[in-house]
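The values are calculated or read from the model by the stated rules, or taken from the named source; none is laboratory data. Predicted model only: the values in this text are computed from it and were never measured. All Cβ positions, even for glycine, are placed from backbone atoms using ideal geometry, and neighbour counts span all protein chains on display. Heads up: the accessible areas ignore ligands, DNA and RNA and are worked out on the full protein's heavy atoms, side chains in. Shrake-Rupley method; radii C 1.70, N 1.55, O 1.52, S 1.80 Å.
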Amino acid sequence: MVSAFDTLLMQKALDAAWAYQVLTFPNPAVGAVVSNDQGDILGLAAHQKAGSAHAEVLAIKAAYETLTEDRRISDIEDASELHTFLKKHHTHLFHNLSLHVTLEPCHHFGKTPPCSSLIEALHFKRIVIGSYDESMAQGGGAYLQSKGMEVHFGCLKKACDLLLSPFTCKEKKEPFLFFKLALSANGVATGGIITSLDSRIMVHRLRDRCDLLVIGGNTVRTDRPILDARLCEGKAPDVLIYSHHNDFDCTIPLFDTPDRCVTVASDLNHVNDYAMVMVEGGQGLLDALSNEIKWYLIFESPHEKEGKTIVLPTGLQKVFSQRVGEDTMSWYFKHTS
Ligand SMILES: NC(=O)C1=CN([C@@H]2O[C@H](COP(=O)(O)OP(=O)(O)OC[C@H]3O[C@@H](n4cnc5c(N)ncnc54)[C@H](OP(=O)(O)O)[C@@H]3O)[C@@H](O)[C@H]2O)C=CC1
Ligand SMILES: Nc1c(N[C@@H]2O[C@H](COP(=O)(O)O)[C@@H](O)[C@H]2O)[nH]c(=O)[nH]c1=O
């Protein structure tokens, strides 16, 4: 049985994971919570970057720090070392605890060891899972059940499946497209810098994880952008300029960025050659692509600006919001009837 309290804990795991949406790509964004029977949260964490420790391992690490005075674990970041340390030093601390995780624990050796094997060794009392893993790492839930552990699937499944969308697209070999928009407090998207440096660093971290950036022709002519990830010293994505024209001024900085391919096209076919695609544009691009794009990431400044108020697509449902410096960053999903 999944209780109301399980959904509350799963929501905490979801919120932790959303903060790293896209940043974990090509891995999924995942969140996890370790709690006791009294409902105290002992560890809460999210997967942060492909190749680094999974959410379960970080939540277990945090719980170990809460429950013991052993600080040797605090300096360990490497996933394999964390698995080894916890398997050796858990001293049955986790037998009466629950683990809530938005995605079924992995059951294979990838860049890190299988979470299923760590969870089995620690022998949690209950494991509550949101989404099934349908990738090559699947099977962790069934494996833990086969070892006699209490496992529940499908807690807040719809919300966990939405969180998993980029990964699901990757598994289906479809691109994940999202429209990023920076807005002033009164909804203006034009006229130079709108959001804070913190937000722009976040946008650059996202660009670093994207392999393609789509930009409208008018923005290229107006802004003469670079569209790289210099604020986080990341890699610049390839660029698709969506335009009716093919006569762009080649001195515009985006053409001069090393290791990047720039394409100009009046259709989006090129997008299908990529996995993670961010679209940056103003009202024209928003309107032109509103039938193609389901995901919107909006950075909103607390300051007003002069200009025309943007008209957003209809049917946007906010799924997550957090502060980034003085701004608010929100993910929206567009429901189609
Ligand atoms: N706040 C933010 O996050 C952002 C703000 N901006 C701002 O937005 C403003 C520009 O917005 P906007 O005028 O909407 O321009 P955009 O470049 O964002 O989008 C419109 C352009 O897209 C191209 N386009 C639209 N429909 C089609 C189609 N069916 N086929 C091919 N190409 C198409 C056209 O390019 P063409 O004319 O070349 O044919 C058109 O000019 C600028 O001030 C810029 O600074 C831009 C990006 C992000
Ligand atoms: N002004 C604005 C954004 N604008 C976007 O950034 C582009 C410029 O990128 P670059 O040339 O690399 O600095 C610009 O053309 C538009 O797509 N983005 C934001 O997060 N916040 C902002 O305030």
(message) Cβ-Cβ under 9 Å, sequence separation 6+ or interchain: first residue in the stretch 211-228 and without any contact (Cβ under 8 Å) to a residue 12 or more places away in the chain, partner within 10 Å of ligand 1 (Cβ to nearest atom) and assigned to a strand (DSSP E or B). Which pairs?
(response) 223/215
(message) Being closer than 19 Å to residue 29 by Cβ and either touching a residue at least 12 places away in the same chain (Cβ under 8 Å) or not acidic (Asp, Glu) (or both) is the requirement here; does residue 203 meet it?
(response) yes
(message) So, residue 246, is that one in a helix (DSSP H, G or I) and not small (Gly, Ala, Ser) or not?
(response) no
(message) Can you find a residue that is basic (Lys, Arg) and touching a His at 6+ places or on another chain (Cβ under 7 Å) anywhere in the stretch 117-125?
(response) yes
(message) So residue 102 passes all but one of these: (1) without any contact (Cβ under 8 Å) to a residue 60 or more places away in the chain; (2) crowded, with 18+ Cβ neighbours inside 10 Å. Which condition number does it fail?
(response) (1)
(request) Would you point out which residue out of 197, 181 is more than 17 Å from the chain's Cα centre (by Cα), within 16 Å of ligand 2 (Cβ to nearest atom) and not polar (S, T, N, Q)? (result) 197
(request) Looking only at the stretch 140-153, decide whether some residue is basic (Lys, Arg) and in a helix (DSSP H, G or I). (result) no
(request) Test residue 218 against the criterion of being within 11 Å of ligand 2 (Cβ to nearest atom), open to solvent by 40 Å² or more (accessible area, probe 1.4 Å) and either at pLDDT 95 or above or within 30 Å of residue 8 (Cβ to Cβ) (or both), and give yes or no. (result) yes
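Please specify each residue of the stretch 226-250 satisfying the condition of being more than 7 Å from ligand 1 (Cβ to nearest atom) and closer than 18 Å to residue 289 by Cβ.
227, 237, 238, 239, 240, 241, listed by residue number.
Residue-wise test of (1) of a type outside the set (Lys, Arg); (2) more than 16 Å from ligand 1 (Cβ to nearest atom); (3) crowded, with 20+ Cβ neighbours inside 10 Å; (4) closer than 27 Å to residue 239 by Cβ.
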residue: 151; (1), (2), (3), (4): yes, yes, yes, no
residue: 164; (1), (2), (3), (4): yes, yes, yes, no
residue: 172; (1), (2), (3), (4): no, yes, no, yes
residue: 177; (1), (2), (3), (4): yes, no, yes, yes
residue: 210; (1), (2), (3), (4): yes, no, yes, yes
(request) State which residue pairs qualify: first residue in contact (Cβ under 8 Å) with a residue 12 or more places away in the chain and of a type in the set (D, E, K, R) and inside the stretch 277-300, second residue part of a strand (DSSP E or B) and open to solvent by 20 Å² or more (accessible area, probe 1.4 Å) in any location, beta carbons under 9 Å apart, and separation of 6 or more residues or different chains. (result) 280/180; 292/177; 294/177; 294/333; 294/334; 300/328
